[in-house]
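Colleague: This is the structure, below, for whatever I ask next.
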Amino acid sequence: VSQSRYGGPCDGITDENENGTTQNDFALIIDYSGSMHSVIDSVADALCSWSRQGVLQNSRFAVIGIGYAGPGNDREMALLTDFTDSGTACDVIRTANNFQFSGAVEYQLNPAYDVGDSNSSRYVNWNDSNKRVIIFSDEELQQDFASNVQEAIDLIVQQCTENTYSISAYIVTGN
């Protein structure tokens, strides 16, 4: 059993009511740069498993790629799918996890802001549900829409508060 950053076990169980009637919207921001391919496979494996088991069946998943040089990218970022079921999201993640689509620009904070900005091409159509943004990357936080990372974080916090969504980040680092 692996340990989380805060010392608790990573038990493969989400904190959400997995089989209840509560709807959760998860916007997954995934770093598709070459160094992340095995981590991306793990994310897809979890979604595929949830789909087969009927876990989080009332939840929806959007996928935003960063470090992604595939079709439809804008500065190596792209909304790969707006909210859909876990099985479809799994398929989208697996299809995009292709070395020919690997990029090098990994602006995690841009789409974290964009998902709540209706003027952005990476805006997602949230329901009135539990809204969560989850970032998967192996780089320090990066962005190019504010003068520095702290200002970007401040803008995102303001938007999260106004639009009532939360953000989590899983930053993979070397041993």
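Colleague: Of the residues in segment 88-97, how many are among the polar types (S, T, N, Q) and within 13 Å of residue 30 (Cβ to Cβ)?
Modeller: Total satisfying the criteria: 2.
Here is a yes/no grid of residues against (1) modelled with pLDDT under 90; (2) in contact with an Asp or Glu (Cβ under 8 Å, 6 or more places away or on another chain); (3) within 14 Å of residue 114 (Cβ to Cβ):
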| position | (1), (2), (3) |
| --- | --- |
| 56 | yes, yes, no |
| 67 | no, yes, no |
| 88 | no, no, no |
| 93 | no, no, no |
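Colleague: Under the condition of being among the hydrophobic types (A, V, I, L, M, F, W, C) and open to solvent by 30 Å² or more (accessible area, probe 1.4 Å), which residue from segment 34-59 is farthest from residue 90 (Cα to Cα)?
Modeller: Among them, the one singled out is 39.
The values are calculated or read from the model by the stated rules, or taken from the named source; none is laboratory data. As the structure is a prediction and not an experimental result, all values here were calculated from the model. Cβ coordinates were reconstructed from backbone atoms using ideal geometry, including for glycine residues, and neighbour counts include every protein chain displayed. For accessibility, only protein heavy atoms count, side chains too; no ligands or nucleic acids. Shrake-Rupley method; radii C 1.70, N 1.55, O 1.52, S 1.80 Å.
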